[in-house]
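The values are calculated or read from the model by the stated rules, or taken from the named source; none is laboratory data. A quick note: this is a predicted structure, and the numbers were derived from the prediction, not measured. In this analysis, Cβ positions are derived from the backbone assuming ideal geometry, glycine residues included, and neighbour counts consider all displayed protein chains.
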């Protein structure tokens with residue numbers, strides 16, 4: 001049976017912020033259950049990190065897959081924290097020309113997937129010694145919309161609002177709810193996926209920007225927030241690289 005007091009579930013753990021968060025938590029003494037769709041990536045992460053990390057293949061946009069994962073997790077012990085790191089941006093088209101499939105995919109993953117696994121783990125989280133935590137990785141896109149980003153901004157705004165409302169609804173319960181909203185983060189896959197595999201378009205997002213955030217920067221915020229005393233709720237963290245004042249105020253070196 002896994003130790004409940006420092007056992008976390010991390011979604012989207014096959015790459016990017018999810019994988020970095022899983023590594024950071026294990027390094028801080030947590031046991032982690034990593035969830036993602038790509039088993040080969042999860043297996044590689046488990047081999048890298050060691051026995052403190054186990055994994056379950058899970059597509060959080062699929063109800064049966066999510067329920068199977070939750071059943072497997074709870075069969076092996078309780079849960080202290082859920083870090084909702086799974087998410088994606090798809091396309092950067094105007095509202096007039098955007099793909100309905102892209103919008104649908106972002107809502108299914110960023111909003112409904114987060115909602116589904118949070119609902120399913122909520123009772124177990126509240127049973128954790130000292131109380132549990134739901135943590136959401138949203139985005140500054142959910143705070144300040146920008147042209148070409150309506151679908152992603154709307155989905156991340158919905159995710160932020162969901163976290164805030166959950167916080168209000170659970171007042172008096174043994175549960176913390178944390179929202180972390182990163183700005184420009186350079187990872188191997190995020191922008192490439194957004195532009196349908198177009199590596200040149202993805203690279204242009206970061207061109208000339210000195211020191212964009214890394215997945216590890218965000219993961220450190222995840223670790224820090226989760227390791228505060230159980231009675232301290234870090235309601236919201238907004239982090240950006242120093243070069244980014246806002247989405248529309250970004251310093252680039254020539």
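Keeping to segment 118-151, report how many residues are part of a helix (DSSP H, G or I), touching a residue at least 40 places away in the same chain (Cβ under 8 Å) and under 13 Å from residue 181 (Cβ atoms).
Filtering segment 118-151 for residues part of a helix (DSSP H, G or I) gives 118-126, 140-142, 150-151.
Among the residues that remain, those that are also touching a residue at least 40 places away in the same chain (Cβ under 8 Å) are: 118, 120-122, 124-126, 140-141, 150-151.
Now restrict to residues that are under 13 Å from residue 181 (Cβ atoms): 140-141.
Counting residues in segment 118-151 that are part of a helix (DSSP H, G or I), touching a residue at least 40 places away in the same chain (Cβ under 8 Å) and under 13 Å from residue 181 (Cβ atoms) gives 2.
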(request) Could you list, in sequence order, all residues of segment 200-229 that are in contact with a helix residue (DSSP H, G or I) (Cβ under 9 Å, 6 or more places away or on another chain), without any contact (Cβ under 8 Å) to a residue 40 or more places away in the chain and part of a loop (DSSP other than H, G, I, E, B)? (result) 212
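Residues of segment 152-173 being in contact with a helix residue (DSSP H, G or I) (Cβ under 7 Å, 6 or more places away or on another chain) and either within 30 Å of residue 201 (Cα to Cα) or assigned to a strand (DSSP E or B) (or both), which ones? Please lay out each step first, then the result.
We begin by selecting, within segment 152-173, every residue in contact with a helix residue (DSSP H, G or I) (Cβ under 7 Å, 6 or more places away or on another chain); these are 152-153, 155-160, 162, 173.
Within segment 152-173, 152, 153, 155, 156, 157, 158, 159, 160 meet the criteria.
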(message) Any residue that is in contact with a strand residue (DSSP E or B) (Cβ under 6 Å, 6 or more places away or on another chain) and modelled with pLDDT of 95 or more - is there at least one of those in segment 93-113?
(response) no
(request) Give the residue that is nearest to residue 18 (Cα to Cα), with candidates limited to residues of segment 187-212 that are buried (at least 16 other Cβ atoms within 10 Å of the Cβ) and at pLDDT 95 or above. (result) 212
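Residues in segment 234-254 that are in a loop (DSSP other than H, G, I, E, B), within 24 Å of the chain's Cα centre (by Cα), modelled with pLDDT of 95 or more and surrounded by fewer than 17 Cβ atoms within 10 Å (Cβ to Cβ): how many? If you could, list the steps in order and put the result at the bottom.
Looking only at segment 234-254, we keep the residues that are in a loop (DSSP other than H, G, I, E, B), and these are 234-235, 240-243, 247-248, 251-254.
So of that shortlist, the ones also within 24 Å of the chain's Cα centre (by Cα) come out as 234-235, 240-243, 247-248.
Keeping just the survivors that are modelled with pLDDT of 95 or more gives 234-235, 240-243.
From the residues that got through so far, the ones that are surrounded by fewer than 17 Cβ atoms within 10 Å (Cβ to Cβ) too are 235, 242.
Qualifying residue count for the region: 2.
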(request) Would you mind telling me which numbered condition in (1) surrounded by fewer than 19 Cβ atoms within 10 Å (Cβ to Cβ); (2) in contact with a strand residue (DSSP E or B) (Cβ under 7 Å, 6 or more places away or on another chain) residue 177 fails? (result) (1)
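State whether one or more residues within segment 187-195 are free of Cβ contacts under 8 Å to residues at least 12 places away in the same chain and touching a helix residue (DSSP H, G or I) at 6+ places or on another chain (Cβ under 6 Å). Break it down into steps so the answer makes sense when it comes.
Filtering segment 187-195 down to residues free of Cβ contacts under 8 Å to residues at least 12 places away in the same chain leaves 192.
Checking which are touching a helix residue (DSSP H, G or I) at 6+ places or on another chain (Cβ under 6 Å) leaves us with 192.
Yes.
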(message) Cβ-Cβ distance below 7 Å, separation of 6 or more or different chains: which pairs start in segment 158-182 with a residue that is more than 27 Å from residue 104 (Cα to Cα) and end on one that is part of a helix (DSSP H, G or I) and modelled with pLDDT of 95 or more?
(response) 173/126; 174/126; 175/125; 175/126
